[in-house]
Structures are given as C-alpha cells and as structure tokens.
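See structure below.
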Amino acid sequence: MVDQLENSNDVTVTLPRVQDRIPTVVADDAHVIYRVHKGAGATASPVAALKRIVSRTSAPQIREVHAVKGVSFTAYRGEAIGLIGSNGSGKSTLLRAIAGLLPVNRGAVYTQGQPSLLGVNAALLNDLSGERNVALGCLAMGMSPTEVERLTPEIIEFSGINQRGDFASLPMRTYSSGMSARLRFSIAAAKKHDVLLIDEALATGDKGFRKRSEQRVRELRENAGTVFLVSHQLSSVRDTCERTIWLESGTLRMDGPTAEVIRAYETYVNSK
Amino acid sequence: MANTALADPDSGLTQAQLAARHGLRVAGERPPLAEYTRRLWSYRHFIAAYANAKLVASFSNAKLGQLWQVLTPLTNAAVYYLIFGIVLEQNRVPNFIAYLTTGLFIFNFTQTAVQNGTQSITNNLGLIRALHFPRACLPLAVVTTQLQQLMGAMVVLVGIVLVTGEPITWEWLLLVPTVLFQALFNAGLTMAVARMGAKVNDLKQIMPFVLRAWMYGSGVLYSVTLFEQSLPGWAARLVELNPALVYIELARVSLLESAPLLNSSPTQLWLVAAAWAVGMGIGGFLYFWRGEQEYGRG
C-alpha cells in the first residue's frame with residue numbers, strides 16, 4: 001500500500017509521511033452479545049424442560065449478555081495498546097471479537113491478517129509432556145514440522161520451565177499454574193503475528209519471566225505487529241503500552257496516551 | 001489514488017471505508033472453499049500430531065500403556081464371543097469367531113469415530129477459542145486416531161483369522177481399499193456430526209442409541225442372511241445399501257473363505273462402497289465448511 005502511494009505520485013514524498021500509519025484493527029461500532037448457560041438452576045426439572053418445549057419458550061438457563069456495546073477505534077501497525085477496566089467490563093470479550101472467535105452482532109471488526117489470541121486459558125493437552133505441547137501448539141499456529149523442530153528448544157529455554165530440572169519431558173498436569181502459563185505465552189510468542197492479543201498472560205510468572213516477556217512484546221512490536229494487552233496490573237500496561245483504551249461496562253470510556261488514561265482510571269477506581 | 005489530501009488521507013473516512021481502503025478483512029470470516037481446502041492441507045501435520053497425541057494421552061495413565069491399543073479390541077471380541085458364540089450358539093456361520101471379530105472391529109471404527117466426532121468441537125473449545133486453524137482438523141484428527149486404533153485391532157484380527165484356520169490369500173489385499181473407503185466415509189460422517197454436535201449438545205445423549213440401532217442393522221453379531229429370511233424383499237434390498245454393512249461384508253469377503261453374504265455381487269458391493277465414501281466424504285466436508293465461522297461461539 002505504501003509503496004503504491006510513493007510510486008504513483010511523487011508529490012506525496014514531500015508531505016509528512018502520515019500514510020505510514022497503517023491500520024491493522026478497525027472496530028466500527030462493534031456490539032457483542034453472547035449467550036451463557038447458567039447451569040442447572042431451580043427450574044431445571046424434566047417437567048419444566050418439557051413445558052418449555054411445548055410452549056416454545058427459550059430455556060431459562062440461557063441468558064444473553066451484552067458484553068460490548070458499540071466500541072469504535074482504529075489500531076495501527078507498531079502500536080502496543082493496553083486494555084483496562086474493572087472486572088466484567090468486556091475487555092476479554094472485545095479481544096475475542098478481534099480474534100474472530102466471537103461474532104459481532106452489530107457493527108464490524110476488520111483486521112489485517114489473522115490476529116492471535118494468547119490467553120491464560122488457552123488449552124493445551126495436560127496429559128502430554130511440555131515438549132509435545134510445544135510442538136502441537138506450533139503446528140496449530142500453522143508452522144511447518146522443520147520450523148517446529150528448530151524452535152522447540154528455543155521456546156522451552158525462553159519459558160524457563162527447565163530451570164528446576166527437566167520439566168519439559170513431564171506431563172503438563174504436573175506443572176504449577178505459573179509454569180504452564182509461561183509455556184503458553186512462550187509458544188504463542190514464538191511466531192511473528194500481525195496482531196497479537198494478550199489476555200492477562202504477563203500477570204503470571206515470576207519477575208525474571210515478566211522482564212523477558214515484556215522484552216519479547218517489544219520485539220514483536222518492532223517486527224511491525226500490533227499488540228493488545230489486557231491486564232489488571234497497571235504497571236505492566238504502563239511499561240509496555242503507549243496507548244490505552246479504557247472500557248467500562250462494555251462501552252469505550254477513554255482512548256489515548258497510557259499515562260493520561262491510567263490517571264483517569266485510577267481516579268475513577270479510587271472514587272468508587 | 002487520491003493524493004490530494006494534505007495531511008491524512010484517511011481523515012474523513014468512516015471506519016468501514018478506512019478498513020476497505022487498507023484491505024482489512026472482517027474478523028472471523030469464513031474462507032472460500034478452495035482456500036479452506038488449501039489451508040486444511042497445510043495443517044495435515046497438525047492433524048497427524050494431534051491424533052497421535054490424543055492416542056498417547058488416552059493411555060498415559062494406564063499401567064499397561066499402549067498395550068491397550070491391542071488389548072481393548074481383544075477383550076471386546078472375547079466378551080461378544082462368549083455371549084454370541086458360546087451362550088447363544090450361533091453355529092450356522094462357519095468360523096463364527098473370525099466372522100464376528102471382523103464385523104466388530106470394522107464397525108467399531110465407524111462407531112467410535114462418530115461418537116467422538118460428535119464431541120470433537122465441544123470438547124476442544126479451549127483450543128478453538130485460543131488458536132486459529134481450520135476447524136475440520138478436529139473431526140479429521142478423531143478419524144485419524146480411530147484409524148490408528150483400527151491398525152492395532154487389525155493385528156489382532158489377522159491373528160484370530162489365522163488361528164481359526166483361514167488360509168492367506170491374495171484377496172487379503174482387498175482389505176486396503178476397503179479400509180480406505182471406510183476411512184473416507186467416516187471422515188465425511190464425522191465432520192457432519194461434529195457440526196451437528198456443536199449446535200445441539202443433546203446429540204451426545206442420542207448418539208449411543210442411534211449407533212446401537214445401526215450396529216444391529218449391520219449384521220455385526222449374527223449372520224447377515226437373517227435379514228433376507230425375516231425382512232420383506234424391499235427392506236432387505238435397503239439393508240444391502242447400509243454403508244457399515246457394505247464395508248463389513250467387503251472385509252469379510254477379503255479375509256474369510258466361506259462367510260455368508262447379503263450382497264451376492266461383488267461389483268455391487270464395491271460400487272456402493274465407493275459411492276458412499278465419495279458422497280459422504282465430500283458432502284460432510286461441505287456441510288462442515290459452511291458452519292466454519294460458528295464453531296467455538298458461546
């Protein structure tokens with residue numbers, strides 16, 4: 001796109017190079033509504049279920065949650081954007097919508113390439129060894145077997161799970177929660193992503209790992225990707241992101257430089 | 001190109017126009033069929049690795065480990081032989097134990113693939129919601145796992161067939177195309193039930209009954225000639241088209257010397273087997289692809 005502009009008209013070369021701002025994620029008044037199963041409640045008797053089918057009403061244990069209510073923003077290449085907000089404000093849902101894993105009910109989300117969501121609950125196979133999970137995760141991200149073979153030692157090294165002896169060959173169910181979260185992050189961070197979505201992943205792990213992962217996020221950004229980071233730890237948002245979006249009960253409350261947004265957010269939280 | 005803009009050529013555009021201008025795509029859009037097929041092919045290593053991982057994981061806590069791959073079909077055959085061979089004395093079929101185990105193992109391939117395929121989406125929601133890959137990988141991995149299990153069972157089967165005194169003939173080679181056709185049929189069917197199971201969770205409860213009824217209609221446990229004797233002519237013709245029955249008959253034809261058959265013409269058997277394989281394989285794939293963007297959504 002940029003090349004095209006430069007070649008087609010030489011006038012643009014003298015202008016400030018605003019065109020370098022290439023959007024990677026565009027949200028246009030996005031609404032996300034998802035349905036949750038409340039589980040078996042007091043009304044979950046067979047008779048009630050039969051009555052429901054006869055009277056054609058929808059199941060009472062399914063409730064609709066309007067999690068994201070009309071959010072619009074544009075993210076550009078090379079940006080790291082923090083997403084903050086209180087619990088249940090729709091941050092994770094928004095990430096899922098960007099990743100294309102939850103449908104948008106109204107409005108639209110457009111993305112460049114395929115965003116990858118890296119969450120702490122990304123499931124791996126707990127009965128298998130860490131090493132095998134690394135291979136499996138890499139293959140699931142679309143790498144070739146030779147690439148996987150080359151990267152596996154690096155990923156294990158980066159995750160640091162072998163610091164306390166050979167854990168890589170043990171099944172993942174023997175890992176502590178911090179260890180498996182670190183391994184998941186390491187797998188996802190091994191690939192160059194157009195858009196990387198990180199959900200609370202940096203919050204786990206010890207100090208050394210957090211330093212390494214923040215460094216890795218910076219590298220990913222330099223490789224012309226866009227990074228979204230959802231975190232409750234304002235310090236890690238402050239360290240990695242220069243732009244922050246503040247969501248509150250599904251609506252976009254503020255979007256701007258991290259320092260400003262975090263200041264406003266802290267005032268809001270303290271006044272509650 | 002509009003290069004007349006002084007500062008930002010993007011200003012004044014709506015979000016949708018901005019996205020279109022830079023060639024962004026709607027998140028989670030379903031790829032066209034050719035693209036989807038190509039992508040699925042590039043994930044073949046993932047399918048193989050995932051299928052293998054599932055197989056290893058399923059026995060990882062057992063003391064005897066991978067030995068169960070062979071022990072499970074063997075125990076299964078022993079139980080059915082005890083009931084149908086000894087207690088109920090099905091002795092009008094020559095070499096009943098080989099007849100029974102052939103049917104049992106071949107049917108088990110389809111049965112388990114369908115049963116696990118129904119839950120292949122719902123059991124992997126974590127993976128689906130975390131990573132992007134063609135979802136058809138999951139039902140296909142189920143079929144691959146079952147195919148590997150069948151290989152283990154085949155070793156047992158060949159042992160049983162030889163011990164019961166069947167000769168080794170060139171016809172045994174026909175087992176290869178038979179299993180290939182069946183695998184293709186299973187792949188299509190598994191993809192189809194995977195989509196249905198993702199939509200309606202209750203299918204998981206219904207499936208065992210459907211599969212059991214199917215098993216009784218496939219002449220696994222008794223002589224297939226019973227269908228001809230007790231059903232009216234048109235119904236028996238209908239049973240002849242039952243894909244599971246067709247694959248079982250083909251396997252019996254190739255392994256056993258004197259197995260009773262419902263279909264008398266081998267040409268018809270092969271034609272029906274191929275038609276089911278191609279039809280179900282393509283149909284199931286198309287049906288699954290059409291639902292691609294729905295999987296993993298709450």
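The values are calculated or read from the model by the stated rules, or taken from the named source; none is laboratory data. Just so you know, these numbers come straight off a predicted model, no measurement behind them. Heads up, the Cβs are rebuilt from the backbone with ideal geometry, glycines too, and the neighbour counts pull from every protein chain shown. For accessibility, only protein heavy atoms count, side chains too; no ligands or nucleic acids. Shrake-Rupley method; radii C 1.70, N 1.55, O 1.52, S 1.80 Å.
The table that follows gives values for the structure above.
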item	result
Test: residue in segment B:41-59 that is part of a loop (DSSP other than H, G, I, E, B), crowded, with 16+ Cβ neighbours inside 10 Å and either of a type outside the set (Lys, Arg) or more than 17 Å from the chain's Cα centre (by Cα) (or both)	yes
Failed item in (1) among the basic types (Lys, Arg); (2) open to solvent by 80 Å² or more (accessible area, probe 1.4 Å); (3) over 19 Å from the mean Cα position of the chain (by Cα); (4) within 12 Å of another protein chain (Cβ to nearest Cβ), with B:Lys63 passing the rest	(4)
Close pairs (6 angstrom Cβ cut-off, 6 or more residues apart or separate chains): facing chain A (nearest Cβ under 7 Å) in segment B:16-45, surrounded by fewer than 16 Cβ atoms within 10 Å (Cβ to Cβ) anywhere	B:His45/A:Pro145
Residue list for segment A:100-117, restricted to those being at the interface with another protein chain (Cβ under 7 Å from one of its Cβ atoms), assigned to a loop (DSSP other than H, G, I, E, B) and of a type in the set (A, V, I, L, M, F, W, C)	A:Leu101, A:Leu102
Residue ID - nearest to A:Pro171 (Cα to Cα), chosen from residues in segment A:129-142 that are within 11 Å of chain B (Cβ to nearest Cβ) and open to solvent by 10 Å² or more (accessible area, probe 1.4 Å)	A:Ser129
Among (1) in a loop (DSSP other than H, G, I, E, B); (2) crowded, with 22+ Cβ neighbours inside 10 Å - the single one A:Lys192 does not satisfy	(2)
Qualifying residue in segment A:37-51 (condition: out of contact with any Leu (no Cβ under 7 Å at 6 or more places or on another chain), in a strand (DSSP E or B) and either facing chain B (nearest Cβ under 10 Å) or at pLDDT 85 or above (or both))	yes
Helices (runs of 4 or more DSSP H) lying entirely in segment B:113-207 (those with 3 or more residues that are away from every other protein chain (no Cβ under 14 Å) and surrounded by fewer than 20 Cβ atoms within 10 Å (Cβ to Cβ))	B:137-163, B:175-199
Breaking point among (1) closer than 21 Å to B:Ser42 by Cβ; (2) away from chain B (no Cβ under 12 Å); (3) acidic (Asp, Glu), for A:Glu154	(1)
Check on A:Ser72, farther than 22 Å from A:Ile187 by Cα, within 13 Å of another protein chain (Cβ to nearest Cβ), in contact with a Gly (Cβ under 8 Å, 6 or more places away or on another chain) and open to solvent by 40 Å² or more (accessible area, probe 1.4 Å)	yes
Filter pass, A:Ser92 being open to solvent by less than 50 Å² (accessible area, probe 1.4 Å), more than 10 Å from chain B (Cβ to nearest Cβ), of a type in the set (S, T, N, Q) and out of contact with any helix residue (DSSP H, G or I) (no Cβ under 8 Å at 6 or more places or on another chain)	yes
Residue within segment A:101-108 that is of a type outside the set (Val, Ile, Thr) and without any contact (Cβ under 8 Å) to a residue 24 or more places away in the chain present	yes
Any hit, segment A:75-83, residues being modelled with pLDDT of 85 or more, within 11 Å of another protein chain (Cβ to nearest Cβ) and either outside any strand (DSSP E or B) or open to solvent by 10 Å² or more (accessible area, probe 1.4 Å) (or both)	yes
Residue within segment A:221-233 that is without any contact (Cβ under 8 Å) to a residue 60 or more places away in the chain and assigned to a helix (DSSP H, G or I) present	no
Among (1) more than 9 Å from every other protein chain (Cβ to nearest Cβ); (2) modelled with pLDDT of 85 or more - the single one B:Ala49 does not satisfy	(1)
Residue satisfying all of: in segment A:141-187; over 19 Å from the mean Cα position of the chain (by Cα) and of a type in the set (Phe, Trp, Tyr); modelled with the lowest pLDDT among these	A:Phe167
